[in-house]
Amino acid sequence: MPFYVAPEQLMEDRADYARKGIARGRSLIGLTYEEGILIVAENASNTLRKVSEIYDRIAFAGVGKYNEFDQLRIAGVRHADLKGYSFSREDVDARSLANQYAQMLGQIFTHEMKPMEVEILVAEIGLSEDPSSSQLFHILYDGTVKDHSDYAVLGGDAEVIFERFADSYTENLTLASGIQSAINALAGPDRVLEPDDLEVAELSHVNGRRSFRRIEGEELSGLMPS
């Protein structure tokens, strides 16, 4: 017979394992600004993406173990494509996608031997006639969902970065001020982040139907804190 382990201890051990794996990665910030939603992630890789497009007005971002949150991204793209094809493009929304992710992560956390070492963000820009309806869904490794209307911080140093960013965040930030505030919060007082250390993307009403756009190269350099 297997050794008995109290359910509370088993869940706590799995949570500690997942948190340690997430803490080894770099953090990211998702925030609303005057034209939509901005996602700023610390990512030194030029090929492995932490921030991606899911559908017309929906973006995905992950922290933790890359191969695990990339599996979730692919599953989200397939879910959105199937729903948009079966019904209509307007029926694809971040809320239902976040619920799907929560069920997947909760099932894995409860029943599998090893939990996923990830936290993910699902962001949906509001309609142009109602920009305030933008939504940010933060899904934890155990399937817990947190919804935000202003900003969310993911990663191992989330609490410290959250406090730094809260001091500088205001509603209707410009693109430049939003990027600068996020970078300053991610870097802290002791580091300086360069454009190659970052991955930045936006969901903006001005981009048309497919609102996702990456901000990189000279454009990002011009928006960095001076």
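None of the figures in this text is laboratory data; all of them are computed from the coordinates on show. As the structure is a computational prediction, the values presented were derived from the model and not from experiment. Note that each Cβ is placed from the backbone with ideal geometry, even for glycine, and that neighbours are counted across all protein chains shown.
For this structure, a couple of remarks:
- Packing here is the average count of other Cβ atoms within 10 Å per residue, and on that basis the peptides 21-31, 180-190, highest first, run 21-31, 180-190.
- Other-chain or far-sequence residues with amide H under 5 Å of Ser134's (modelled H): Gly126
- Global form of the stretch 101-226, assessed from the alpha-carbon gyration tensor, a/c cut-off 1.5: oblate
- Crossing angle, helix 158-168 versus the chain [Cα axis fit, 0-90 degrees, rounded to tens]: 20
- Under the simplified labelling scheme, the Asn207-Gln107 pair shows an inter-label distance of 3.0 nm, with each label point 7 Å from Cα along Cα→Cβ.
- Estimated from helices alone, the mean residue ellipticity of the chain at 222 nm is -12500 deg cm²/dmol (sum of -39500 (n - 2.57) over DSSP H runs with n ≥ 4, per residue).
- Placing a pseudo-label 7 Å from each Cα along the Cα-to-Cβ vector at Gln9 and Asp81 gives an inter-label distance of 4.6 nm.
- In this label model, Leu48 and Arg95 are separated by 3.5 nm, measuring between points 7 Å along each Cα→Cβ vector.
- Restricting the stretch 1-71 to chymotrypsin sites (Phe, Trp or Tyr not before Pro) in coil, as DSSP defines it, with at most 13 other Cβ within 10 Å: Phe3, Tyr4
- At R0 = 30 Å, FRET efficiency that the Cβ-Cβ distance of Ser88 and Glu171 yields, to 0.05: 0.40
- Cα centroid separation, the stretch 136-172 to the stretch 78-128 (Å): 18
- Neighbour net charge for Thr170 - beta-carbon separation under 11 angstrom, K R +1, D E -1: -4
- C-alpha long axis of helix 175-187 to longest principal axis of the chain, angle in °: 40
- Sparsely packed GluC sites (Glu not before Pro) within the stretch 58-153, loop by DSSP, other Cβ within 10 Å at most 11: Glu112, Glu129
- Of Ser221, Val206, Gly62, farthest towards positive along the dipole that unit charges on Lys, Arg, Asp, Glu beta carbons give the chain: Gly62
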